[in-house]
Amino acid sequence: MATFNHTSASPDVFLLTGIPGLEEAHSWLSIPLCAIYIAAILGNCTILFIIRTEPSLHQPMYYFLSMLALTDLGLSASTLPTMLSIFLFSSREVNVDACFAQLYFIHTFSVMESAVLLVMAFDRLMAIHQPLRYASILTNATVARIGLSLVGRSVFMVMPTSVLLRRLRYCLPNILSHSFCLHQDVMKLACSDRRINSIYGLFVVITTMGLDALLIVLSYIMIIVTVLSIASKEERLKALNTCVSHICAVLTFYIPMIGISMLHRFQEHASPLIPVLMADVYVLVPPVMNPIVYSVKTQQIRRRIVRRFQGKMIPHKSRLRGLVPMGPAPVSSFIPA
C-alpha cells in the first residue's frame with residue numbers, strides 16, 4: 001500500500017498498472033517484453049557500430065540515423081526499469097520523484113525523436129531537391145549544430161513539466177494507467193488546480209511534435225513535386241525509394257503518439273485496455289522497428305551488416321590457404337622418389 005507524508009496529503013508513491021485483466025500472466029508476458037528490449041538495444045547498437053566503423057557512411061544521412069538510434073536507446077532505457085519491475089517482480093510502486101524523472105526523460109526523448117525525424121525529412125528534401133548543393137549545405141559542422149539544437153530544444157522545452165507537476169497536490173486513488181509515468185496520466189491524479197500544467201503541456205505538444213509533423217508533411221509535398229518533375233520513371237522510383245525507410249519511421253512514431261493523445265482526452269468512451277496497449281506500442285515499437293526498417297531498406301547498411309557477419313562466420317582466405325589446397329596437386333607429388 002502507498003505510504004504518506006505526515007505533513008501532506010500527497011502520496012509518497014504512485015502505483016503503476018500492467019495490462020488490465022492479465023495480471024496473472026505478467027510473468028509470462030515478461031519473456032516477450034525482455035525480447036523486445038534486447039532487440040531494441042542490439043538493433044540500435046548495431047546501427048551505431050556500423051556507422052561508426054565504416055568511413056563510407058560518415059555522411060549527413062547516416063549521422064542523423066545515428067541520432068535516431070541514440071534517441072531510441074534513450075527512450076528504451078527510460079521505460080525499462082518500471083516495465084521490468086511490474087512484469088518480472090510484480091512491483092507496482094514508484095516513488096513520486098522517480099516518476100517525475102521518468103516522465104521527463106520519456107517526453108524529452110519523444111520530443112527529440114520527433115525533431116530527428118524532421119531533420120531527416122529535410123535531409124531527404126535537400127538530397128532530392130538540391131543534389132548539387134547537398135554537400136555544401138549539410139556540412140559536418142552544420143550537422144553538429146543541428147544535433148546540439150535538437151538536444152537543447154528537447155531538454156529545455158520539457159523541463160518545466162516536471163517542475164509544474166511538483167507544485168500540485170495529489171490525492172487517492174494514486175493509481176496510474178500505464179507501466180510507466182506520462183505527463184497526462186500523472187496530471188489526472190492531481191486534486192489541485194492543474195490548468196497551468198494542461199496549458200503548458202498542450203503548448204509543448206503543439207510547438208514541438210505538432211510543428212514537426214506539419215513541417216515533415218510540407219517537406220514530403222516538396223519532395224513529391226520535385227520527383228514528379230523528373231522525366232525518367234526509373235529515376236522517380238529511385239528517388240522515392242530513398243524515402244521509404246524514413247516514411248516508415250515517421251508512421252511508426254506518430255500514429256501511436258496521436259492515438260494515445262486522443263485516448264487520454266476521450267478515454268471514457270474507450271476500453272481501459274486500449275490506452276494501455278497503445279502506450280506500450282508508443283514506447284516499445286519505434287526503438288525495435290527503426291533499426292529493422294533501416295537495415296532492410298537501406299542498401300549500404302544492409303551490405304555492411306551482412307559483410308560483418310560473414311567476416312565472423314567464414315575464416316579469412318589467407319587462413320584457408322594453409323588448410324585447403326587451392327587447386328589439384330601435381331601428379332609428381334604422388335610418384336615415389
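Descriptive notes on the structure:
- Residue in the range 106-124 that is touching a His at 6+ places or on another chain (Cβ under 9 Å) and either without any contact (Cβ under 8 Å) to a residue 60 or more places away in the chain or under 24 Å from Leu29 (Cβ atoms) (or both) present: yes
- Checking Leu150, Leu164 one by one, the residue that is of a type in the set (A, V, I, L, M) and touching a Phe, Trp or Tyr at 6+ places or on another chain (Cβ under 7 Å) is Leu164 and no other.
- Within the range 20-44, the set of residues being crowded, with 17+ Cβ neighbours inside 10 Å, farther than 16 Å from Pro81 by Cα and touching a Leu at 6+ places or on another chain (Cβ under 7 Å) comprises just one member, Asn44.
- Just one of the listed residues (Tyr220, Tyr170, Tyr200) is over 27 Å from Leu33 (Cβ atoms), surrounded by 12 or more Cβ atoms within 10 Å (Cβ to Cβ) and touching a strand residue (DSSP E or B) at 6+ places or on another chain (Cβ under 9 Å), namely Tyr170.
- Which listed residue is among the small types (Gly, Ala, Ser), part of a helix (DSSP H, G or I), on the phi < 0 side of the Ramachandran plot and in contact with a Phe, Trp or Tyr (Cβ under 6 Å, 6 or more places away or on another chain), from Ser85, Ser78, Ser56: Ser78
- Of all residues in the range 264-315, those satisfying the criterion of being within 30 Å of Ser198 (Cα to Cα), modelled with pLDDT of 75 or more and among the aliphatic types (A, V, I, L, M) are Leu273, Ile274, Val276, Leu277, Met278, Ala279, Val281, Val283, Leu284, Val285.
- Unmet criterion (only one of (1) aliphatic (A, V, I, L, M); (2) more than 27 Å from Cys191 (Cα to Cα); (3) surrounded by fewer than 21 Cβ atoms within 10 Å (Cβ to Cβ)) for Ala101: (2)
- Tyr134, sole failed condition from (1) exposed (fewer than 12 other Cβ atoms within 10 Å of the Cβ); (2) more than 26 Å from Leu75 (Cβ to Cβ): (1)
- Filtered residues of the range 132-189 (kept if among the hydroxyl-bearing types (Ser, Thr, Tyr) and touching a helix residue (DSSP H, G or I) at 6+ places or on another chain (Cβ under 6 Å)): Tyr134, Ser154, Thr161, Ser162, Ser177, Ser179
- The helices (runs of 4 or more DSSP H) found entirely in the range 125-202 that carry 3 or more residues being in contact (Cβ under 8 Å) with a residue 40 or more places away in the chain are 140-166, 183-187.
- Checking Asp123 against (1) surrounded by fewer than 19 Cβ atoms within 10 Å (Cβ to Cβ); (2) within 21 Å of Val217 (Cα to Cα), the condition it does not meet: (1)
- Unmet criterion (only one of (1) under 17 Å from Phe105 (Cβ atoms); (2) surrounded by fewer than 17 Cβ atoms within 10 Å (Cβ to Cβ)) for Thr82: (2)
- Looking only at the range 45-54, residues that are surrounded by 16 or more Cβ atoms within 10 Å (Cβ to Cβ) and among the hydroxyl-bearing types (Ser, Thr, Tyr) come to 1 in all.
- Of all residue pairs spaced 6 or more apart or on separate chains, those with beta-carbon atoms under 6 Å, a first member in the range 225-246 that is free of Cβ contacts under 8 Å to residues at least 12 places away in the same chain and a second member that is in a helix (DSSP H, G or I) are Ile230/Arg236; Arg236/Val227.
- Qualifying residue in the range 121-141 (condition: among the basic types (Lys, Arg) and farther than 30 Å from Glu235 by Cβ): no
The values are calculated or read from the model by the stated rules, or taken from the named source; none is laboratory data. Fair warning: this is a prediction, and the values are worked out from it, not measured in the lab. With ideal geometry, Cβ positions are generated from the backbone for all residues, glycine too; neighbour counts draw on all protein chains shown.
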